[in-house]
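**Student:** Below are the structure tokens for one structure; questions will follow.
What follows is calculated from the coordinates using simple rules that are stated; it is not laboratory data. Since the model is a prediction, treat every value here as computed from it, not as a measurement. All Cβ positions, even for glycine, are placed from backbone atoms using ideal geometry, and neighbour counts span all protein chains on display.
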Ligand SMILES: Cc1cc2nc3c(=O)[nH]c(=O)nc-3n(C[C@H](O)[C@H](O)[C@H](O)COP(=O)(O)OP(=O)(O)OC[C@H]3O[C@@H](n4cnc5c(N)ncnc54)[C@H](O)[C@@H]3O)c2cc1C
């Protein structure tokens, strides 16, 4: 008898879990993905940046372990001599704080240092000396990652996990899961839109922003919603030597991308569910992002928007952290979603843990129990203060 693991969702979390299940535990999962072109998948629309600057220890640890994997991804996910290149660029993050945000910046810094993160706090004069193109007006301090932070090509990561998983025996089926069937407190099968039925010994819900309706069928109210985030592509003749990913105190962020930059910020007004991805809020750039960029980097005066895209954060309205583990009330259903803007950087460590949980019944490498869905029932939020 083989142990049949079904994964709903072939984004980075589902594909990476299938990959670790095969590579480390000899289990060939079946991954059900409704759209193999990944047109709306967050993993294909991500800003794909990685940092250690979180307020929760578990997030720092997840990103450290994942960074370690990303540095070795060419070896780890090579298939037939083809070594994936994800363009990992380690240039750091810079969180800027006004006087009002200084206590939080310092408290976060203490958590990060205790985890061994290479992060330093800089006074405005030191910031100015390091990054002469930065205007430090109104800034009380900045927290700069000196190593272990940066960005990469998220779509290449997704494809690399998918290719390796398939090479190791995982099966990816084009299928849209509609119904989850249970016998007692166990998932028995899922039924797809085209009528196909897949039997399961274990089910992993890794359907990103669309995970909640599946969990609902198992009696669990997953607080995960599709929240649109716009990213603007910028051309600028500005030379910003050593430019990290910069987060202004108001939430506007920017970073280099190719020969230009990308930028974004949280939405204006209500953060509504399921806003159409085609409707980019260009007013957000004009009224919020552009003034912040021009203030912080005077050399951006000649900046032009050359493109924009939007994707969904699989936003956890309860505490903005990943929800990872067995679903309470169901013996063989598991979940990995809700990362609220930090999922692709944590995918390797999350997927490695999920594969351990599915195959061995517990975590071996990194204890992910702080992210368990049980905390939602217990009303014990694990609040992450650094959500971008
Ligand atoms: C604009 C933007 C910027 C971001 N920036 C960063 C960043 O800088 N750093 C970072 O770490 N993270 C970032 N993120 C978040 C990150 O991209 C996500 O956390 C991560 O990609 C989630 O992966 P996933 O596999 O859970 O979801 P997805 O990639 O969305 O995959 C879920 C898959 O499930 C499939 N699916 C859904 N329902 C069903 C069903 N019923 N049946 C079959 N298939 C189904 C979907 O088609 C989809 O392909 C960003 C996200 C966005 C949108």
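**Student:** So residue 16 ticks every box in (1) in contact with a helix residue (DSSP H, G or I) (Cβ under 8 Å, 6 or more places away or on another chain); (2) in a loop (DSSP other than H, G, I, E, B) but one. Which box is left unticked?
**Tutor:** Going through (1) in contact with a helix residue (DSSP H, G or I) (Cβ under 8 Å, 6 or more places away or on another chain); (2) in a loop (DSSP other than H, G, I, E, B) one by one, residue 16 breaks only (2).
**Student:** Exactly one condition in (1) away from the ligand (no atom under 16 Å from the Cβ); (2) closer than 30 Å to residue 97 by Cα; (3) surrounded by fewer than 21 Cβ atoms within 10 Å (Cβ to Cβ) is false for residue 231; which is it?
**Tutor:** Against the list (1) away from the ligand (no atom under 16 Å from the Cβ); (2) closer than 30 Å to residue 97 by Cα; (3) surrounded by fewer than 21 Cβ atoms within 10 Å (Cβ to Cβ), residue 231 comes up short only on (1).
**Student:** Scan the stretch 53-64 and give yes if some residue there is within 13 Å of the ligand (Cβ to nearest atom), under 17 Å from the mean Cα position of the chain (by Cα) and not in a helix (DSSP H, G or I), otherwise no.
**Tutor:** yes
**Student:** Only one of these is surrounded by 15 or more Cβ atoms within 10 Å (Cβ to Cβ), more than 30 Å from residue 384 (Cα to Cα) and within 12 Å of the ligand (Cβ to nearest atom): 45, 32. Name it.
**Tutor:** Going through 45, 32 in turn, just one is surrounded by 15 or more Cβ atoms within 10 Å (Cβ to Cβ), more than 30 Å from residue 384 (Cα to Cα) and within 12 Å of the ligand (Cβ to nearest atom): 32.
**Student:** So residue 241 ticks every box in (1) within 30 Å of residue 153 (Cβ to Cβ); (2) in a strand (DSSP E or B); (3) more than 9 Å from the ligand (Cβ to nearest atom) but one. Which box is left unticked?
**Tutor:** Among (1) within 30 Å of residue 153 (Cβ to Cβ); (2) in a strand (DSSP E or B); (3) more than 9 Å from the ligand (Cβ to nearest atom), residue 241 violates only (2).
The rows are residues; the columns are (1) in a strand (DSSP E or B); (2) more than 24 Å from residue 144 (Cα to Cα); (3) within 13 Å of the ligand (Cβ to nearest atom); (4) under 23 Å from the mean Cα position of the chain (by Cα).
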residue	(1), (2), (3), (4)
249	no, no, no, yes
261	yes, no, no, yes
275	no, yes, yes, yes
291	no, no, no, no
299	no, no, no, no
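**Student:** Spot the failing condition for residue 274; the list is (1) touching a residue at least 24 places away in the same chain (Cβ under 8 Å); (2) surrounded by 14 or more Cβ atoms within 10 Å (Cβ to Cβ); (3) closer than 27 Å to residue 371 by Cα, and only one is missed.
**Tutor:** (2)
**Student:** Residue 303 fails exactly one of the following numbered conditions: (1) out of contact with any helix residue (DSSP H, G or I) (no Cβ under 9 Å at 6 or more places or on another chain); (2) under 16 Å from residue 264 (Cβ atoms). What is the number of that condition?
**Tutor:** That leaves (1) as the condition not met.
**Student:** Can you tell me which of (1) closer than 30 Å to residue 107 by Cα; (2) in a loop (DSSP other than H, G, I, E, B); (3) in contact with a strand residue (DSSP E or B) (Cβ under 6 Å, 6 or more places away or on another chain) is the one residue 280 doesn't meet?
**Tutor:** So the condition that residue 280 fails would be (1).
**Student:** Does residue 72 meet the test of being more than 30 Å from residue 155 (Cα to Cα) and either touching a strand residue (DSSP E or B) at 6+ places or on another chain (Cβ under 6 Å) or surrounded by fewer than 17 Cβ atoms within 10 Å (Cβ to Cβ) (or both)?
**Tutor:** When the stated conditions are applied, residue 72 does not pass them.
**Student:** Does at least one position in the stretch 83-94 carry a residue that is within 22 Å of residue 320 (Cα to Cα), within 14 Å of the ligand (Cβ to nearest atom) and surrounded by 24 or more Cβ atoms within 10 Å (Cβ to Cβ)?
**Tutor:** Yes, that holds for at least one residue.
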